[in-house]
Amino acid sequence: MITLKDVHFSYANNIEALKGISLTINDGDFIAIMGQNGAGKTTFIKHFNGLLKPSSGTVHVNGVETTKTSVAMLARNIGFVFQNPDNQLFSETVEDEIAFALKNFGFDKETIEKRVTWALDFLSLTQYRKTSPFLLSGGERKRVALASVLAWDPETLVLDEPTIGQDHEQKEKLRQFIMQLQAKKKTVVMVTHDVEFVSECNPRVILIRDGKIVADGIAKDILTNSKLLKESSIVLPQIAQIFTKLSPLGLPADIIDLDEAETVILSKAKKEA
């Protein structure tokens, strides 16, 4: 469980990035944090593993206040994948990058080999096993950073813009894996601008604007609220846009995912047949 109570944070230039955020993230939650650039999203999640400490207020992770423990200790339970993979990659090969945390956490050699191989295969990186991560494309480096965290199976996974640079196949793999983590009661928190990905995943959505939480609820409620999204410079998902225009024909306006859209349309067609 992650608990923030009246958290304020200011950078050295006196810019206040967080302005009194209070929030509880329960074990097993799947949360998407959304908002316009500069809203405070990345600053917010960097408090989860102690990379940033609140200027005032408190952050507790599994009952431990982050100001009273180290980033290394928090990292054992919270895996963090940065928006820019170059901020966390440093090893000479992709294989070594993925194995680093496993070795650091004391996993045995056989387990390390199995988990590295699994992560390489899952994220379509096997062919780059002996390649320097810095010779890969931006999207590939993003997958290496993700693999290096997924390999050691943390209780909480924090993803900063995980879909940037990824094609549809990789996004779908990520979505399916997040669903698997949900089935295992893992906690997943992602910062994203990708409204289409969020609409497909249907998580709890937290909307941040100007360093404050302005909405917290199910994706369907928030991603069909045109006024709320416009105020945060977020566009409606494409399916929501279509159903909003079709609502005068008797179709519901609060549809955000393809499966539900298909069910609603087929049901209406059957009634009118």
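The values are calculated or read from the model by the stated rules, or taken from the named source; none is laboratory data. Model, not experiment: these values are computed from the prediction. Note: ideal-geometry Cβ built from the backbone for every residue, glycine included; neighbour counts use all protein chains shown. SASA here: full protein model, heavy atoms, side chains in, ligands and nucleic acids out. Shrake-Rupley method; radii C 1.70, N 1.55, O 1.52, S 1.80 Å.
A few points about this structure:
- In the set (1) closer than 28 Å to R175 by Cα; (2) modelled with pLDDT of 95 or more, the condition left unmet by F48 is number (2).
- Selection over region 217-231 of residues that are more than 20 Å from I25 (Cβ to Cβ) and not in a helix (DSSP H, G or I) gives a count of 2.
- Selection from region 1-35 of residues that are in a loop (DSSP other than H, G, I, E, B) and either β-branched (V, I, T) or open to solvent by less than 60 Å² (accessible area, probe 1.4 Å) (or both): I15, G28, D29, G35
- Of the criteria (1) loosely packed, with under 14 Cβ neighbours inside 10 Å; (2) on the phi > 0 side of the Ramachandran plot; (3) not β-branched (V, I, T), which one D210 fails: (1)
- The residues listed here are V214, V264, V205, V198; of these, the one that is assigned by TED's automatic domain parsing to the domain that holds T42, assigned to a helix (DSSP H, G or I) and of a type in the set (A, V, I, L, M) is V198.
- Of all residues in region 178-189, those that are within 12 Å of the chain's Cα centre (by Cα) and not in a strand (DSSP E or B) total 1.
- Cβ-Cβ under 8 Å pairs, at least 6 apart or on other chains, region 186-208 side under 19 Å from G79 (Cβ atoms), far side hydroxyl-bearing (S, T, Y) and in a strand (DSSP E or B): K186/T156; T187/T156; V188/T156; V189/T156
- Any chance L135 is open to solvent by less than 50 Å² (accessible area, probe 1.4 Å) and either of a type in the set (A, V, I, L, M, F, W, C) or farther than 29 Å from V7 by Cα (or both): no
- Selection count where residues are under 18 Å from E200 (Cβ atoms) and of a type in the set (A, V, I, L, M, F, W, C), scope region 221-253: 10
- Matching residues in region 220-273 - criterion: being β-branched (V, I, T) and more than 30 Å from G38 (Cα to Cα): T263, V264, I265
- Condition check for L120: assigned by TED's automatic domain parsing to the domain that holds A151, assigned to a loop (DSSP other than H, G, I, E, B) and either surrounded by 13 or more Cβ atoms within 10 Å (Cβ to Cβ) or not charged (D, E, K, R) (or both): no
- Failed item in (1) in contact with a Ser or Thr (Cβ under 6 Å, 6 or more places away or on another chain); (2) closer than 21 Å to P162 by Cα, with V59 passing the rest: (2)
For (1) open to solvent by less than 50 Å² (accessible area, probe 1.4 Å); (2) under 22 Å from the mean Cα position of the chain (by Cα); (3) modelled with pLDDT of 90 or more; (4) of a type in the set (D, E), each residue gets a yes or a no:
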position: V61; (1), (2), (3), (4): yes, yes, yes, no
position: T67; (1), (2), (3), (4): no, no, yes, no
position: N77; (1), (2), (3), (4): no, yes, no, no
position: P85; (1), (2), (3), (4): yes, yes, no, no
position: E92; (1), (2), (3), (4): no, no, yes, yes
position: D96; (1), (2), (3), (4): no, no, yes, yes
position: A99; (1), (2), (3), (4): yes, no, yes, no
position: E110; (1), (2), (3), (4): no, no, yes, yes
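- Looking at A219, A253, just one residue is open to solvent by less than 50 Å² (accessible area, probe 1.4 Å) and under 17 Å from the mean Cα position of the chain (by Cα), and that residue is A219.
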